[in-house]
1. Would you confirm, using the coordinates I've provided, whether Asp250 is within 16 Å of Ala46 (Cα to Cα) and without any contact (Cβ under 8 Å) to a residue 40 or more places away in the chain?
2. How many residues are farther than 26 Å from Ile200 by Cα, in contact with a helix residue (DSSP H, G or I) (Cβ under 8 Å, 6 or more places away or on another chain) and more than 9 Å from the ligand (Cβ to nearest atom) if we restrict to segment 6-49?
3. Please report, ordered by residue number, the strands (runs of 3 or more DSSP E) entirely within segment 186-247 with at least 1 residues that are among the charged types (D, E, K, R), at pLDDT 95 or above and over 14 Å from the mean Cα position of the chain (by Cα).
4. Cβ-Cβ under 9 Å, sequence separation 6+ or interchain: first residue in segment 48-60 and more than 12 Å from Asp232 (Cα to Cα), partner in a helix (DSSP H, G or I) and more than 9 Å from the ligand (Cβ to nearest atom). Which pairs?
5. List every residue pair whose Cβ atoms lie under 7 Å apart, where the two residues are 6 or more positions apart in sequence or sit on different chains, the first residue falls within segment 144-161 and is under 25 Å from Asp205 (Cα atoms), and the second residue, located anywhere, is loosely packed, with under 15 Cβ neighbours inside 10 Å.
6. Specify which of the listed residues (Gly83, Gly64) is outside any strand (DSSP E or B) and more than 12 Å from the ligand (Cβ to nearest atom).
7. Report whether or not Arg137 is at pLDDT below 95, not in a loop (DSSP other than H, G, I, E, B) and not assigned by TED's automatic domain parsing to the domain that holds Arg67.
8. Taking only segment 172-184 into account, find how many residues are surrounded by fewer than 23 Cβ atoms within 10 Å (Cβ to Cβ) and in a loop (DSSP other than H, G, I, E, B).
Amino acid sequence: MFSAEAPLPLELKDISLRFGGIHALKSVSFDVRPGEIRAIIGPNGAGKSSLMNVISGLYSASSGEIRIGGRLLHRLRPHRLAGLGVARTFQNLALFPALSVAQNIASGLAFRRKVSLGAQILGLPQARRENARVTARVNEVAALLGLTGLLDRRVSTLPYGVQKQVDLARALAAWPHLLLLDEPMAGLTVTEKAAMARHIQALRDDLGIAVILIEHDIGVVMGLSDRIVVLDYGMKIADGTPDAVRRDPDVIRAYLGTDAEAA
Ligand SMILES: Nc1ncnc2c1ncn2[C@@H]1O[C@H](COP(=O)(O)OP(=O)(O)OP(=O)(O)O)[C@@H](O)[C@H]1O
């Protein structure tokens, strides 16, 4: 699946980020290979959200380089991300609660629409063709995530766990190569977490999508990830497979304190 010639979905080199006197990220480097699940973990305040926000262009790094699909990006803007093949979900869902599941999934394709609103209102042939393409994609993504029977339901009437899946479907709609998932398991029941984990695995295994995951549930992270980056106080303290990270003394110290390591 991973070939040396394929451009990496993401490469970060020496990324630093300051908020006034706070050094939220200190020279963080890592990459994401095609079709791998890459988790970013660390104690509270370690810099996980800051890193996710730099990757998605919400924050501008104070220094360092970001390459997406091999392209060096000098000024990364959130609205350009989709065009670069990157999509994200948000910890506090970015859905339209009053709209249907289908309309919410379709909103993930809004940036791809080429036909003017006027042509759509007049029902011109190119508008009908575009609408048919959007509907086909919405149906495809819904089938992938088991949402087909819910397409006409208003999002606000659905359980939170299903809303999280709709948010994932919205992000998936635009065929991303790289998907950023911000706490996909937060607020889910054990059963919902298992379903979400199966979906994330299928994105990697069946569609070859690379995934970056920020997640507090360490059990989920260890079970799902191919490689894990560990942050502490804005620095990368470990980077490797779940087994390697689990045994890393710096990681044990960061999570449990020095006493635990000695125990
Ligand atoms: N917009 C901001 N303005 C000022 N300081 C910020 C801002 N965002 C984050 N920080 C600071 O940067 C550091 C890293 O925070 P960040 O939210 O990235 O950590 P985190 O690992 O995501 O934490 P948590 O697990 O608690 O969400 C913290 O010291 C935080 O207070």
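The values are calculated or read from the model by the stated rules, or taken from the named source; none is laboratory data. Small disclaimer: the values here were computed from a predicted structure and weren't measured. A quick note on method: Cβ atoms are made from the backbone with ideal geometry, for glycine too, and the neighbour counts reach across all protein chains shown.
1. Working: within 16 Å of Ala46 (Cα to Cα): yes; without any contact (Cβ under 8 Å) to a residue 40 or more places away in the chain: yes.
Yes: the conditions hold for Asp250.
2. So the answer is 1.
3. Working: elements: 210-214, 227-232, 235-240.
Answer list for segment 186-247: 227-232, 235-240.
4. Ser56/Pro78; Gly57/Pro78; Gly57/His79; Gly57/Arg80; Leu58/Pro78; Ser60/Val54
5. These pairs meet every condition: Gly161/Thr189.
6. Working: Gly64 fails: outside any strand (DSSP E or B).
Criteria check complete, one pass: Gly83.
7. Working: at pLDDT below 95: yes; not in a loop (DSSP other than H, G, I, E, B): yes; not assigned by TED's automatic domain parsing to the domain that holds Arg67: yes.
Yes.
8. Step one: of segment 172-184, the residues surrounded by fewer than 23 Cβ atoms within 10 Å (Cβ to Cβ) are 174-175, 177, 182-183.
Add one more test, that the residue is in a loop (DSSP other than H, G, I, E, B), and what stays is 174-175, 177, 183.
The number of residues fulfilling the criteria is 4.
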